[in-house]
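> Structure in structure tokens, see below.
Please treat every number below as a calculation from the coordinates, not as lab data. For clarity, every value in this text was computed on a predicted model and none was experimentally measured. Cβ atoms come from the backbone with ideal geometry, glycine included; neighbour counts cover every protein chain shown.
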Amino acid sequence: MDTTEEFLEPRSVLSDLHDVVDSVFLALDNNDDWGLSGKRPDQYMSDVVADAAICEFLKPLGYGILSEESELLLPENKLFPTVVVDPLDGSTNASRGLPWFATSLCAVDEQGPWIAVVADLVNGDRYDAVRGWGARKNGDAIEREMCPDLDDSLVVVSGLPEKDLGWDQFRNLGSAALALCSIADGQVDAFVDCMPDAHGVWDYLGGMLICQEAGGVVYEVKSRELCVLDRNERRTPVAAAGRKLGEELLSRRQTFEVDN
């Protein structure tokens, strides 16, 4: 791209993020080691490989990068967005051959989450969203028009629920990014983080924008800002296909904090 104006055109940024995902698929296709990296207890070699592919693509273009797996890189120019990156969300699943893991990318501008791409690395499905433009799955628009009552809902959780919150059924699948995207496309109805302050911004930001642009809602249990570009901060998100379901789950999830 020749100018900053061209660089910041939403479709160009969206195209770059999809190209980044292509580089992750290629890197992981050539990866033979899915075990622990040895650098920290919860990091796998697949995390490192995916992160390297992403950084090698984004750095020369001038993007800022906030990744779970590497140090913060500030953008070359304040007009350039910072991309919040989870190179491999669900890397424990990937290490065990469980088919539920993804790459999550979200470009953030001064107004907050701007452009997101989340790629299911198992079946190749790609979700994306641009703030104010709606959400898509594999290039087709997705929107949640219906939302069940709590007692008819299928809810994805992270961690171990302290008690039944009134849902019909729940699943614990191991990727917040994919859970939020699955709300957007109607596979599930809600997501509840049952662990206090366990998720970094890279875990949920891309999926959050996609969920919201598809008509869903996303809350934070303690009403804190979810878009926080600080690698040391952690949050507790709750999301749903509709406001009534979301507010009911949020209220019931907040009782965990009171009980503790």
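> In what order do S91, S175, S37 fall by count of nearby beta-carbon atoms within 10 Å, going from fewest to most?
S37, S91, S175
> Scan [x] 18.7, 57; [y] 17.5, 56; [z] 19.4, 64 for the value of Rg and Dmax of the Cα atoms in Å calculated from this model and give just the label.
Structure-derived value, by its label: [y].
> Could you give the dipole magnitude of the stretch 150-259 about its Cα centre, charging the beta-carbon of Lys and Arg +1 and that of Asp and Glu -1, in debye to the nearest 20?
Taking the Cα centre of the stretch 150-259 as origin, the dipole is about 160 debye.
> Can you list residues whose amide H is under 5 Å from S37's amide H, if they're 5+ apart or on another chain and H is modeled 1.01 Å from N?
For S37, the qualifying residues are Q43, Y44, M45.
> Among V188, T82, Y44, which residue has its Cα furthest toward the positive end of the charge dipole of the chain, with +1 on Lys/Arg Cβ and -1 on Asp/Glu Cβ?
Final value for the positive-end residue is V188.
> Shifting gears a bit: Provide M146, M208, M45 in ascending order of the number of other Cβ atoms located within 10 Å of each residue's Cβ, fewest first.
Fewest-to-most ranking of M146, M208, M45: M146, M45, M208.
> Sort all Cα-Cα distances of the stretch 4-142 into consecutive 10 angstrom bins from zero, then give the percent of pairs in each bin up to the one containing the longest distance.
It works out to 12, 44, 32, 11, 0, in whole percents.
> Sticking with this structure for a sec: Between R171 and R96, what is the label-to-label distance in nm when each label sits 7 Å out along the Cα-to-Cβ direction?
Modelled inter-label distance: 1.5 nm.
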